Amino acid sequence: MSVKVRFAPSPTGYLHAGNVRTAIVTWLFTRNQNGHFLLRIDDTDIARSKPEYEEDIESALMWLGITWDEKARQRDRSARYAELIEKLKRDGRLYPCYETPEELSLKRKTLLSRGLPPIYDRAALELTETQKTKYEGENRVPHWRFKLEHTPIIWNDLVRGEVKFDGATMSDPVLLREDGTPLYHLCSVIDDMDYDITHVVRGEDHVSNTAAHIQMFEALGAPVPQFAHLPMISDKEGGKLSKRLGSMSARDFRDSEKLEPMAIVSLLARLGSADPIMPFTEMQPLIDEFDISKFSKGAPKFDMEELLRLNQKIIHQTPFEDVNVRLAQMDMETLDESFWIAVRPNLTRLEDIREWWNVVNNPVETTINDPDFITQAAGLLPPEPWDETTWKLWTDKVKENTGRKGKDLFMPLRQALTGMDHGPELGVILPLLGAEKTRRRLTKQKQAA
Ligand code: GLU
């Protein structure tokens, strides 16, 4: 049997970190199995679903390198849902309930105050036809619940091992709203059935839903897929992911944090698994080595510093041909390969290159506080060609001739060359500036940009 897996985000917000991780793990699982990846847009919540969020999901996945073989949208499938809703009603597995939200909340509170679990009491199943007619007469519109079998529900979860629930200790889930539209649970199960989904990979927040879903697959006469529930990600201290990180989206990683997509993939592909987290620049080794059984039940910790370290290591390995288009889009179209190679080891984010570029190429407001010293130093500049050893050669000579050392030696040179007290390493900058520009800056001649 060939493997078919889906990633099913709801387009009710930007694709957030937790979903990005589900997408990456689901995709690696599928590709490792040579399976088929379905992108399913769970847009049954018409009021909250927006086309801009659907676009965001797709552009985020493409940016990360996650490709899909097929796409489906729940809003296109209402006729099919209606058909199976009728079947479940006929079979007595969907039953109408007339309680108002206030009545339900009162029932819950009463049970809780008696120390009992707040399970729906199935009062609606006891209603006579006369009572139902009376409710209808009062313009009460029913919602519909799925009648669970009061039997044990057991599955072998690919991450959590054997999971057990008991239908008798669960509330019958509501599957149809008062307006007759189906809720996520029903649509999801019908889609998983119709698209022949063999494996469902999703967050641990869905574990109890799965117990009900299994009975729904059975009620529809469909094979039950295998399940893998990934634990939720926690913050560095082991607490719930902070609001900022929890709501962080793929577009924040891309547009605000300006991170490399493979840094995010490298981290989230293995967070919580026994495989070591390392910087990857390609998907293939991650696909080849992927093994869902290596994920553990414990909540893994998300550490922004770790993500930045991965980003840095990836940048350090990136060849010029992989960044030149992006550099041109950042208005650095004349930046060449030698500049990239020289500066690359100093960058954490690609964006950091701008500072280096500006120091070398833009006219700088230089400050010469110590003109005699600077004139003397200018006279000691080594002949070209210059390379990464030039700075040391030069400053050794300046030291010898002037007797200066440490800050007194380096700070005036830095200020004269860059106009700043801090900044990029001068050993790297000097050969990029070249002898002519260096001399001009030291003698404070008018600079061409
Ligand atoms: N739309 C659901 C969610 O985003 C899908 C869960 C599932 O994978 O079934 O949580």
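All of the numbers you see were taken from the coordinates with simple rules; none came from a lab. Fair warning: this is a prediction, and the values are worked out from it, not measured in the lab. No Cβ is skipped: glycine too gets one built from the backbone with ideal geometry, and neighbour counts run over all protein chains shown.
What to note about this one:
- Trypsin sites (Lys or Arg not before Pro) within the stretch 1-103, DSSP loop, no more than 13 other Cβ atoms inside 10 Å: ARG48
- Against the chain, whose longest principal axis is taken from its Cα atoms, helix 207-219 shows a tilt of about 50°.
- Cut-off under 5 Å, modelled amide H: who pairs with PHE280 long-range: SER266
- Normalised alpha carbon radius of gyration of the stretch 185-327 [divisor 2.2 N^0.38 Å]: 1.27
- Over the chain: helical MRE at 222 nm, DSSP H runs n ≥ 4 each giving -39500 (n - 2.57), nearest 500: -13500 deg cm²/dmol
- Net length available on complete extension from TYR184 to GLU351 is 56.0 nm, with 0.36 nm assigned per residue and the Cα-Cα distance removed.
- log10 of Debye I(q)/I(0), alpha-carbon scatterers only, for the stretch 42-98 at 0.18 Å⁻¹: -0.78
- Extent along principal axes [Cα atoms of the chain; Å; largest to smallest]: 107, 46, 39
- The stretch 70-195: radius of gyration over Cα atoms, expressed as a fraction of 2.2 N^0.38 Å: 1.21
- Neighbours of ARG90 by Cβ distance under 14 Å: Lys/Arg scored +1, Asp/Glu scored -1, total +1.
- Peptides 173-181, 191-199, ordered by how many other C-beta atoms sit within 10 Å of their residues on average, highest first, read 191-199, 173-181.
- Tilt relative to the chain, helix 426-442 - C-alpha long axis, 0 to 90 degrees, to 10: 50 degrees
- Computed from Cα positions, the angle between helix 390-402 and the longest principal axis of the chain comes to roughly 50 degrees.
- Sequence-distant residues sharing a close amide H with LEU94 (under 5 Å, placed H): LYS89, LYS147
- For the stretch 43-55, the Karplus equation 6.51 cos²θ - 1.76 cosθ + 1.60, evaluated at θ = phi - 60°, returns couplings of 10, 6, 7, 4, 5, 9, 7, 9, x, 5, 6, 5, 4 Hz by residue, with Gly and Pro reported as x.
- For LYS258, a cut-off of 27 angstrom between C-alpha atoms picks up these lysines, skipping any fewer than 8 places away in its own chain: LYS50, LYS236, LYS240, LYS243, LYS301, LYS313.
- Three principal axis lengths of the stretch 291-449 [C-alpha, angstrom, descending]: 69, 33, 26
- Over all distinct Cα-Cα pairs of the stretch 1-112, the Kirkwood formula returns a hydrodynamic radius of 16.8 Å.
- Listed by chain and number, the aspartates and glutamates whose C-alpha is less than 14 Å from the C-alpha of LYS297, apart from same-chain residues fewer than 8 away, are ASP157, GLU162, GLU204, ASP205.
- When you restrict to C-alpha pairs under 8 Å that are six or more residues apart and normalise by the size of the chain, the relative contact order lands at 13 percent.
- The lysines whose alpha-carbon is closer than 24 Å to the alpha-carbon of LYS397, local same-chain residues fewer than 8 away aside, are LYS405, LYS407, LYS437, LYS444.
- Under a Gaussian network description of the chain, with springs only between Cα atoms under 10 Å, the residue in HIS206, HIS150, HIS185 that fluctuates furthest is HIS150.
- Summarising the amide proton neighbourhood of LEU230: residues at separation of 5 or more, or on other chains, whose placed amide H is nearer than 5 Å comprise ARG202, GLY203, GLU204.
- Mean-position separation - Cα centroids, the stretch 113-178 and the stretch 298-350, in angstrom: 53 Å
- Kirkwood-based Rg to Rh ratio, the stretch 360-410, C-alpha trace: 0.98
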